[in-house]
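*Asks:* Dropping a structure here in structure tokens format, bear with me for questions.
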Amino acid sequence: MSRSAAASLLVPSGVDAGAARVLVARALRSFGDGYVAVLLPAYLLALGFSELGVGIFGTVTLFGSAIATLSLGAFGNRVPEHRLLAAAAFLMVLTGAGFAGLSTFWPLLVVAFFGTLNPSGGDVSVFLPLEHARLASCSSGDARTALFARYSLAGSLAGALGALAAALPEWVSSHGRAEQLDFMRAMFWAYALIGVAVWLLYRVPGNAPKTAIRQAPLKASRAIVVKLAALFSVDAFAGGLLVNSLLVLWLFERFGMSLSAAAAFFFWTGILSAGSQLAAAPIARRFGLLNTMVFTHIPASVFLIAAALSPNLEVSLAFLLLRSALSQMDVPTRSAYVMAVVTPAERPAAASFTAVPRSLAAAAGPALTGMLFSAGALAAPLIACGVLKIAYDLALLAAFRRTAPNLED
């Protein structure tokens, strides 16, 4: 099978074949992120850190990602896109090596700040605005929404498989083949190897899309991007209260769930999220991008609140699975919406300047959740997350219900 034929299987019709490389890179990264998000709290607890320490790592990681993304928005147009992507992949290699080789709090915290570690279910790394801009330049109209849905789908499916792989340390340890902590370290080395694969993908010549558009700073679309960024920050702060690593920690602390059981659970939540993102494009064509974002997100938040108040593990997991079937449907539609309400030349800047406030706002959440967990208020972060997300959805609908996105360019 030729390279172009293989690419046509990955990308929707009407999309430049160069987008296939981005989808493969996203899948590889998400596989690593999937098992790291589940493994990270268990790894940090095994190193002797507290629940508050786990929360601090989440905050520092997200804050570092925000600073990197802000720098990208300010200075990224001076450097070719493929070099920035390759540099981010090299940083991923160093992150995996750092977490595998270090054991003490402050050195690991430095790696968490500068690295690409992702404690959340979504993609918050510096890769995000770069890949979004590239995908937008490879597509237009409904094909763009379908491409972003496929990008999110690739991430969710690979992340689900990665979450399942997080059960390996416990399985290997139970069979006496290696100490659990040692195998956890090995999985961070594997994360570094994934970074090498991503670096190779973005270093291959001919990586740039044929329809690349000259980048420009925000001008004509500045007002709408600022408003979107402000609203997205509310959603991100709420999500930061319950990034996947903290949800794993909640299941550990609230119900005594094992690492292997948590890995299996997050595999199924990933599969459900993948299905919801695949359905996002046809639903958005029928009801519109904004309506799809809002009216799938609100029920998901209600399910989260119900999970927090559930009396036992089985009921709580049922509500969390229902949440997973809806909560990520706004991800591809949100990305497509941002790209559709700005001019083509402003898309890289818009992607960056909506991502930065999200990352900064999300960074405040994990440490706060760690403090609440340490104080015994286990349900409070989940309830706060659900309530704030519902408020965000209603505010977004009120602010943009009369704004028509451009689905042609």
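*Asks:* Across 5 Å bins from the origin, how do the percents of Cα pairs in region 244-299 run, short distances first?
*Replies:* The calculated distribution, bin by bin, is 4, 16, 20, 16, 13, 13, 10, 7, 1.
*Asks:* To one decimal place, what Kirkwood hydrodynamic radius in Å is obtained for the chain from all pairs of distinct Cα atoms?
*Replies:* With all distinct Cα pairs of the chain included, I get 21.0 Å.
*Asks:* State in Å² the accessible area per residue of the chain; use a 1.4 Å probe, count heavy atoms of protein chains only, and round to the nearest integer.
*Replies:* Working: 15920 Å² over 409 residues.
On a per-residue basis, 39 Å².
*Asks:* Tally Lys and Arg at +1 and Asp and Glu at -1 over the other residues with C-beta under 12 Å from the C-beta of Leu241: what net charge comes out?
*Replies:* 0
*Asks:* For the chain, with all protein chains present and a 1.4 Å probe, just round the carbon and sulfur fraction of the accessible area to a whole percent. If you can, show how the numbers build up before the last one.
*Replies:* Details: 10700 of 15920 Å².
Percent of accessible area from carbon and sulfur atoms in the chain: 67.
*Asks:* What's the local net charge at Leu397, with K and R +1, D and E -1, over the other residues with C-beta under 14 Å away?
*Replies:* Working: positive: Lys227, Arg334, Lys389, Arg401, Arg402; negative: Asp235, Asp330, Asp393.
Residues near Leu397 contribute +2 overall.
*Asks:* Only helical DSSP H runs with n ≥ 4 go in: add -39500 (n - 2.57) per run for the chain, normalise by residue count and round the 222 nm mean residue ellipticity to 500 deg cm²/dmol.
*Replies:* Result for the chain: -26000 deg cm²/dmol, rounded to the nearest 500.
*Asks:* At Phe105 and Ala178, where each label point lies 7 Å from the Cα along Cα→Cβ, what is the point-to-point distance in nanometres?
*Replies:* Placing both labels 7 Å beyond Cα along the Cβ direction yields 2.8 nm.
*Asks:* Given DSSP loops and a limit of at most 12 other Cβ atoms within 10 Å, what is the longest stretch of the chain that contains no such trypsin sites (Lys or Arg not before Pro)? Mind showing how you got there, number by number?
*Replies:* Values: sites that count: Arg177, Lys210, Arg214, Lys219, Arg401, Arg402.
After excluding every exposed loop site, the longest remaining stretch is 220-400.
*Asks:* Calculate, in nm to one decimal, what Val79 and Asn312 gain on full extension: separation in residues at 0.36 nm each, minus their alpha carbon distance.
*Replies:* On the way: separation 233, 0.36 × 233 = 83.88 nm, distance 5.25 nm.
Fully extending the segment from Val79 to Asn312 adds 78.6 nm.
*Asks:* Quick one: Karplus J couplings for region 292-302, per residue in order, coefficients 6.51, -1.76, 1.60, θ = phi - 60°, nearest Hz, x for Gly and Pro?
*Replies:* Ordered by residue, 3J(HN,Hα) equals 5, 4, 7, 7, 9, 6, 4, x, 4, 5, 5 Hz.
*Asks:* Relative to the Cα centre, what is the charge dipole magnitude of the chain, using +1 at the beta carbon of each Lys and Arg, -1 at the beta carbon of each Asp and Glu, and rounding to the nearest 20 debye?
*Replies:* In debye, rounded to 20, the chain gives about 1140.
*Asks:* So what is the relative contact order of the chain, in percent, for Cα pairs below 8 Å that sit 6 or more residues apart?
*Replies:* 29 percent
The values are calculated or read from the model by the stated rules, or taken from the named source; none is laboratory data. None of these values were measured; they are calculated from a predicted model. Note that each Cβ is placed from the backbone with ideal geometry, even for glycine, and that neighbours are counted across all protein chains shown. Heavy atoms of the whole protein, side chains included, go into the accessibility calculation; ligands, DNA and RNA do not. Shrake-Rupley method; radii C 1.70, N 1.55, O 1.52, S 1.80 Å.
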